[in-house]
Amino acid sequence: MKVEFAPLNIPLARRLQTAAVLQWVLSFLLLAQVCVGIIVILIIHNYWFLYIPYFTWLYFDWRTPEQGGRRFDWIRNWTVWRYFKDYFPIHLIKTQGLDPSRNYIFGFHPHGILVVGAFGNFCTNYSEFKELFPGFTAYLHVLPFWFRCPLFREYLMTCGPVSVSKKSVSYVLSRQGGGNISVIVLGGAEESLDAHPGKFTLFIRQRKGFIKIALTHGAYLVPVFSFGENELFKQINNPEGSWLRTVQEKLQKITGFTLPLFHARGIFQYNFGLMPYRKPINTVVGRPIPVHQTPHPTREQIEELHQTYMEELRKLFEEHKGKYGIPEHETLTFR
């Protein structure tokens with residue numbers, strides 16, 4: 001295999017962009033393990049004056065990820081996030097205005113490998129979110145697992161993510177005055193196993209919990225499609241029924257998250273590595289779907305709204321796919 005190396009005269013801006021993305025990838029692949037390791041070392045060496053105060057703090061702070069989190073604009077304003085955004089680059093596109101007196105659920109699709117578009121658009125202050133949706137605060141909901149990792153949870157919350165539990169979503173949507181957006185990656189970890197370039201498979205047919213929550217709180221639904229999300233990495237072929245897919249699905253049932261075997265480019269060469277490809281991510285926010293508050297929705301009401309949501313999501317994809325180089329014959333596959 002011929003290895004294609006990056007040229008030596010790379011502009012400084014591109015080097016900084018690469019460094020920004022590298023630190024982000026490593027933070028999600030390694031930082032949680034490092035943080036757990038630090039706690040283990042403190043316990044083994046009996047540095048009780050460090051871990052006892054922290055565990056005491058953790059006991060009282062355990063539910064914070066379900067109560068709006070603890071974001072810090074100082075960290076969301078780090079210059080590294082600007083370089084992170086410009087690496088791909090990441091863009092947010094609005095199709096219609098939203099009423100800031102209401103709360104909304106953004107259904108984000110697809111999951112991709114590392115949900116880069118969701119993080120770049122809703123967890124940093126360098127996206128177009130504030131300009132496009134003034135008066136709104138977005139909360140990206142992620143797996144509760146990440147908030148069970150000591151120390152790492154503190155870093156993660158500073159950027160704005162909160163738990164994806166029912167209590168957490170309800171907390172955001174029940175806040176008075178409106179202007180709150182729950183961003184939920186509806187396909188979840190399971191969908192990442194189908195995150196292959198050129199594929200548009202969404203795990204949505206059995207995802208109806210968000211519909212019930214939307215009805216309960218009267219939160220409007222907004223489909224969001226991130227064009228380019230699946231193009232950032234290549235994944236080892238894992239078709240349904242293969243031994244690799246079987247192992248991945250069993251691990252997902254046991255741990256709650258998946259382990260896709262992916263690769264892309266390296267830091268100094270373009271053939272192999274864990275750095276995502278420089279592919280543009282265009283996250284398009286669709287039309288809001290009005291939802292009448294129904295404290296106790298029936299199964300029929302949930303099914304009807306779920307069907308409406310899938311139809312609007314498909315329309316959003318069909319209306320915009322041509323702008324982002326997707327062939328006319330390609331369409332969404334709902335599973």
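Contact map, the stretch 98-112: first residue at positive phi, second residue of a type in the set (A, V, I, L, M), Cβ cut-off under 8 Å, separation 6 or more or different chains; pairs are G112/A195; G112/L232. Could you give me the residue pairs with C-beta distances under 9 Å whose first residue belongs to the stretch 174-189 and is farther than 16 Å from I211 by Cβ and at pLDDT below 95, whose second residue is crowded, with 17+ Cβ neighbours inside 10 Å and among the aliphatic types (A, V, I, L, M) wherever it lies, and which are 6+ apart or on separate chains? Pairs that qualify, where the first residue is farther than 16 Å from I211 by Cβ and at pLDDT below 95 and the partner is crowded, with 17+ Cβ neighbours inside 10 Å and among the aliphatic types (A, V, I, L, M), are A189/L143. Here is a list: E249, E229. Which entry is under 24 Å from G198 (Cβ atoms) and open to solvent by 20 Å² or more (accessible area, probe 1.4 Å)? When all the criteria are applied, what remains is E249.
Within the stretch 199-226, can you find the residues that are open to solvent by 10 Å² or more (accessible area, probe 1.4 Å), assigned to a strand (DSSP E or B) and out of contact with any Pro (no Cβ under 6 Å at 6 or more places or on another chain)?
Kept after step one, since they are open to solvent by 10 Å² or more (accessible area, probe 1.4 Å), are these residues of the stretch 199-226: 199-201, 203, 205-210, 212-213, 215-218, 220.
Retained after the next criterion (residues that are assigned to a strand (DSSP E or B)): 201, 220.
Once the filter is applied, which keeps residues that are open to solvent by 10 Å² or more (accessible area, probe 1.4 Å), assigned to a strand (DSSP E or B) and out of contact with any Pro (no Cβ under 6 Å at 6 or more places or on another chain), the stretch 199-226 yields only T201.
Provide a single number: the residues in the stretch 249-295 that are within 24 Å of S127 (Cα to Cα), part of a loop (DSSP other than H, G, I, E, B) and of a type in the set (S, T, Y). Here the count works out to 1.
Taking the stretch 37-91 as the region of interest, the helices (runs of 4 or more DSSP H) fully inside it that hold 2 or more residues being closer than 21 Å to L132 by Cα, open to solvent by less than 70 Å² (accessible area, probe 1.4 Å) and in contact with a Phe, Trp or Tyr (Cβ under 8 Å, 6 or more places away or on another chain) are 79-87.
Only a single criterion out of (1) hydroxyl-bearing (S, T, Y); (2) more than 22 Å from N180 (Cα to Cα); (3) within 17 Å of the chain's Cα centre (by Cα) is not satisfied by S226, namely (2). Scan the stretch 149-162 for residues that are in contact (Cβ under 8 Å) with a residue 60 or more places away in the chain and touching a Phe, Trp or Tyr at 6+ places or on another chain (Cβ under 6 Å) and the total you get is 3. Within the stretch 92-128, being β-branched (V, I, T), in a loop (DSSP other than H, G, I, E, B) and touching a Ser or Thr at 6+ places or on another chain (Cβ under 7 Å) holds for one residue alone: I113.
One line per residue, one yes/no per condition, for (1) within 18 Å of H111 (Cα to Cα); (2) modelled with pLDDT under 95; (3) out of contact with any Ser or Thr (no Cβ under 7 Å at 6 or more places or on another chain):
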residue	(1), (2), (3)
F262	yes, yes, yes
P280	yes, no, yes
V285	yes, no, no
V291	no, no, yes
R299	no, no, yes
H306	no, no, yes
R314	yes, no, yes
F317	yes, no, yes
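Of all residues in the stretch 252-281, those that are free of Cβ contacts under 8 Å to residues at least 24 places away in the same chain and at negative phi have Cβ atoms under 6 Å from Cβ atoms of residues that are in a loop (DSSP other than H, G, I, E, B) and among the hydroxyl-bearing types (S, T, Y), 6 or more apart or on another chain, in R265/Y277.
Rundown of residues vs (1) over 13 Å from Q67 (Cβ atoms); (2) in contact with a Leu (Cβ under 7 Å, 6 or more places away or on another chain); (3) open to solvent by 10 Å² or more (accessible area, probe 1.4 Å); (4) not in a helix (DSSP H, G or I), yes/no style:
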| residue | (1), (2), (3), (4) |
| --- | --- |
| K130 | yes, no, yes, no |
| W146 | yes, yes, yes, no |
| G160 | yes, yes, no, yes |
| G178 | yes, no, yes, yes |
| I181 | yes, no, no, yes |
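The values are calculated or read from the model by the stated rules, or taken from the named source; none is laboratory data. None of the values given here were measured: they were computed from a predicted structure. Every residue, glycine among them, receives a Cβ derived from its backbone with ideal geometry; neighbour counts consider all protein chains shown. Side chains included, ligands, DNA and RNA excluded: accessible areas come from the protein's heavy atoms. Shrake-Rupley method; radii C 1.70, N 1.55, O 1.52, S 1.80 Å.
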